[in-house]
Amino acid sequence: MSSVTKLPIKHHRSSLLEQVKQGNVLEKECPSREILRDVTNRWGVLTILALTGDTLRFSELRRKISGISEKMLSQTLQALEADGFVNRIAYPVVPPHVEYSLTPLGEEVCVRVQELTSWIEDNLPTILQHRREYQAQNND
């Protein structure tokens with residue numbers, strides 16, 4: 001049996017540029033945090049779900065997403081468009097006609113969002129029971 005000498009592995013901290021290229025959501029300066037925020041905040045998730053397999057006008061989206069204000073929907077759409085998840089097409093007509101749909105990248109993230117929301121809905125009774133127990137313990 002031969003003896004192999006193991007050299008110590010040198011651990012080095014990667015530079016911020018390397019971390020940004022790879023993406024490391026746990027690092028404060030990583031831009032993936034902004035994208036995560038855009039996708040996973042309440043309105044981002046609901047907007048992505050509302051656009052699943054559909055092309056909608058602004059007013060249709062607003063009606064479909066209960067409780068969202070015009071301002072919040074506008075900000076959410078702009079953020080998702082900037083990230084490459086939403087496609088905005090403005091037709092040169094009067095009155096203005098603008099349609100929104102998911103891009104191929106948006107469809108990919110939509111699959112993940114649907115998985116998460118489906119899991120939450122499947123486990124909702126258990127989660128709500130935990131909330132009730134937590135509140136009961138912390139209200140004493």
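The values are calculated or read from the model by the stated rules, or taken from the named source; none is laboratory data. Source: prediction; values computed, not measured. Because the Cβ atoms are built from the backbone with ideal geometry, glycine has one as well, and the counts that use them run over all protein chains shown.
Some notes on this structure:
- When residue 92 is tested against the conditions (1) within 18 Å of the chain's Cα centre (by Cα); (2) modelled with pLDDT under 95; (3) farther than 19 Å from residue 117 by Cα, the lone failure is (1).
- Among the residues of segment 85-140, those identified as of a type in the set (Phe, Trp, Tyr) and in contact (Cβ under 8 Å) with a residue 40 or more places away in the chain are 85, 100.
- Exactly one residue out of 73, 61, 49 is hydrophobic (A, V, I, L, M, F, W, C) and over 26 Å from residue 25 (Cα atoms), and it is 61.
- Qualifying positions in segment 34-62 - of a type in the set (D, E, K, R), more than 16 Å from residue 101 (Cβ to Cβ) and either touching a Leu at 6+ places or on another chain (Cβ under 9 Å) or not in a helix (DSSP H, G or I) (or both): 38
- Hey, residue 76 within 17 Å of the chain's Cα centre (by Cα), at pLDDT 95 or above and not in a helix (DSSP H, G or I) or not: no
- Verdict on residue 39 being at pLDDT below 90 and β-branched (Val, Ile, Thr): no
- Within the set 52, 47, the sole residue that is surrounded by 13 or more Cβ atoms within 10 Å (Cβ to Cβ), touching a Ser or Thr at 6+ places or on another chain (Cβ under 6 Å) and at pLDDT 90 or above turns out to be 47.
- Selection within segment 79-98 - part of a strand (DSSP E or B) and buried (at least 16 other Cβ atoms within 10 Å of the Cβ): 86, 87
- Against the list (1) closer than 22 Å to residue 112 by Cβ; (2) at pLDDT below 95, the condition residue 9 fails is (1).
- Residues being among the hydroxyl-bearing types (Ser, Thr, Tyr) and either in a helix (DSSP H, G or I) or loosely packed, with under 11 Cβ neighbours inside 10 Å (or both) - total across segment 99-129: 3
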